[in-house]
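Accompanying notes for the structure given below.
Every read-out reported here was derived from the displayed coordinates using simple, explicitly stated rules and does not represent laboratory data. None of the values given here were measured: they were computed from a predicted structure. Heads up, the Cβs are rebuilt from the backbone with ideal geometry, glycines too, and the neighbour counts pull from every protein chain shown.
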Amino acid sequence: MSNTQSVMFVTKRPDIEMVSGQGSWLVDNHGKRYLDFLQGWAVNCLGHSDPGMLAALNAQASKVINPSPAFYNQPMIELADLLTKHSCFDKVFFANSGAEANEGAIKLARKWGRMHKDSAFQIITFDHSFHGRTLATMSASGKPGWDTMFAPQVNGFPKADLNDIASVERLINDKTVAVMLEPVQGEGGVIPASKEFMQQLRALTKAHNVLLIVDEVQSGCGRTGELFAYQLSGIEPDIMTLGKGIGGGVPLAALLSTDAVAVFEPGDQGGTYCGNPLMTAVGVNVIGQITAPGFLDDVKAKGQYLREQLLKLSDKHHLDGERGEGLLRALQLGSDMGNELVERARTMGPNGLLINAPRPNLLRFMPALNVTRAEIDQMISMLDEVMTVEIASRKQAVPA
Ligand code: PMP
């Protein structure tokens, strides 16, 4: 083990280093293998070291890495074409992280408001939402405790309740420029916005001349079985943000909008690395694979299969069922044993299992979109094993 003391503490990390990966498997510095049902929080949508992605990365690296943000490059144009062809949006701005794309969305909505809505600036967001860790995106997020952590917050993000249209109606007024939501709340606990709620939101925002922004950093790029999760409800938002899966593991994100809303002028948004061809070439390959015929049908079928297996596990251990969309799913544990299960799963042998618990009573699963049914079966059997041990140890701990 090398000295980890000089690495800034960004999250609670176990004392291991990940050294290599292939598909659904990661290997640590002791040679232990882990079945990865987290995939870096849904980032590696095609698993680790996908051959197509690697070929695209290497081919572009040998041509040019970052000629200049001041010029167009071919992969940037190709990716923007792909994204607009498969969505209801007309314009794409590239970014390097989900938070940065969301900052862009907030700025774009505010600028549009300044031009078209008598300087309206408020963006209604939702309790338990997660939009990133920059100051504005933390202020937009509904994560408990974040309202005071780095106070004062960026102003203008009143919070409504997901799936409760009356709570949005109460907040919407002539200062409102947009409503922003995750079509499936990820960090908040894998909570899908209902189809009905998405449709009601679209009607309400249209009636008030207010923009609808979908943050698809976690739910986008095939995760739910549709290319974008907003497509599950048949609506057309004004702005969408993408991150994570779009780069299949490399730092790439995007902000998309309709022509009517694309009010940025040169200099308003961008940065040194935005749209660089090394990342966008990978994005072209990733989105190309996800939109290949049959790929998304397969994600839907495997999502359904994972759902059925999780429900069987829930029945067996008397848990509270499961929820989610496609291959973004959660098992409702019915008691606060999530963190213990995550730890037991990682440390079990001979192979470990990587999952996480966004809430203590919930386990989240975000496997590679090309995960196999055999890998799903293996995950379920590993989870069954740790659950049996954890539940037995809890029974022992309770005096008769
Ligand atoms: N939005 C959503 C919905 C997310 O899940 C995340 C990351 N968990 C972000 C934004 C922030 O993305 P990044 O970490 O790339 O800044």
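Just for the stretch 355-383: of the residues that are under 12 Å from TYR305 (Cα atoms) and among the β-branched types (Val, Ile, Thr), which one is nearest to the chain's Cα centre (by Cα)? Per the criteria, the residue is VAL371. Of the helices (runs of 4 or more DSSP H) entirely within the stretch 21-117, those holding at least 1 residues that are under 21 Å from THR241 (Cα atoms) and under 19 Å from the mean Cα position of the chain (by Cα) occupy 39-42, 74-85, 98-116.
Take the stretch 205-231 and flag every residue that is farther than 16 Å from HIS86 by Cα and in contact with a Pro (Cβ under 6 Å, 6 or more places away or on another chain). Write out each step before concluding.
Applying the first criterion (farther than 16 Å from HIS86 by Cα) to the stretch 205-231 yields 205-213, 215, 217-218.
Of everything in the stretch 205-231, just one residue is farther than 16 Å from HIS86 by Cα and in contact with a Pro (Cβ under 6 Å, 6 or more places away or on another chain), namely LEU212.
One line per residue, one yes/no per condition, for (1) among the hydrophobic types (A, V, I, L, M, F, W, C); (2) more than 16 Å from the ligand (Cβ to nearest atom):
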{"position": "SER87", "(1), (2)": "no, yes"}
{"position": "SER97", "(1), (2)": "no, no"}
{"position": "GLU100", "(1), (2)": "no, no"}
{"position": "ILE123", "(1), (2)": "yes, no"}
{"position": "THR137", "(1), (2)": "no, no"}
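Number of residues in the stretch 264-274 that are more than 16 Å from the ligand (Cβ to nearest atom) and crowded, with 16+ Cβ neighbours inside 10 Å equals 2.
Test GLY283 against the stated conditions and say whether it is within 21 Å of GLN231 (Cβ to Cβ) and either charged (D, E, K, R) or crowded, with 24+ Cβ neighbours inside 10 Å (or both). Yes.
All conditions but one from (1) assigned to a helix (DSSP H, G or I); (2) touching a residue at least 24 places away in the same chain (Cβ under 8 Å) apply to SER139; the one that does not is (2).
Scanning the stretch 79-93 for residues that are surrounded by 17 or more Cβ atoms within 10 Å (Cβ to Cβ) and more than 16 Å from VAL214 (Cα to Cα) gives LEU79, ALA80, LEU82.
Would a scan of the stretch 29-36 turn up a residue that is free of Cβ contacts under 8 Å to residues at least 60 places away in the same chain and either polar (S, T, N, Q) or under 16 Å from GLY248 (Cα atoms) (or both)?
yes
For the stretch 181-230, filtered to residues that are part of a strand (DSSP E or B) and more than 10 Å from the ligand (Cβ to nearest atom), the residue that is surrounded by the fewest Cβ atoms within 10 Å (Cβ to Cβ) is ILE191.
Rundown of residues vs (1) more than 20 Å from GLY23 (Cβ to Cβ); (2) in a strand (DSSP E or B), yes/no style:
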position	(1), (2)
ASN339	yes, no
GLY349	yes, no
LEU363	yes, yes
ASN370	no, no
MET379	no, no
ILE391	yes, no
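Report whether or not VAL250 is surrounded by fewer than 24 Cβ atoms within 10 Å (Cβ to Cβ), within 27 Å of ILE65 (Cα to Cα) and within 13 Å of the ligand (Cβ to nearest atom). The answer is yes for VAL250.
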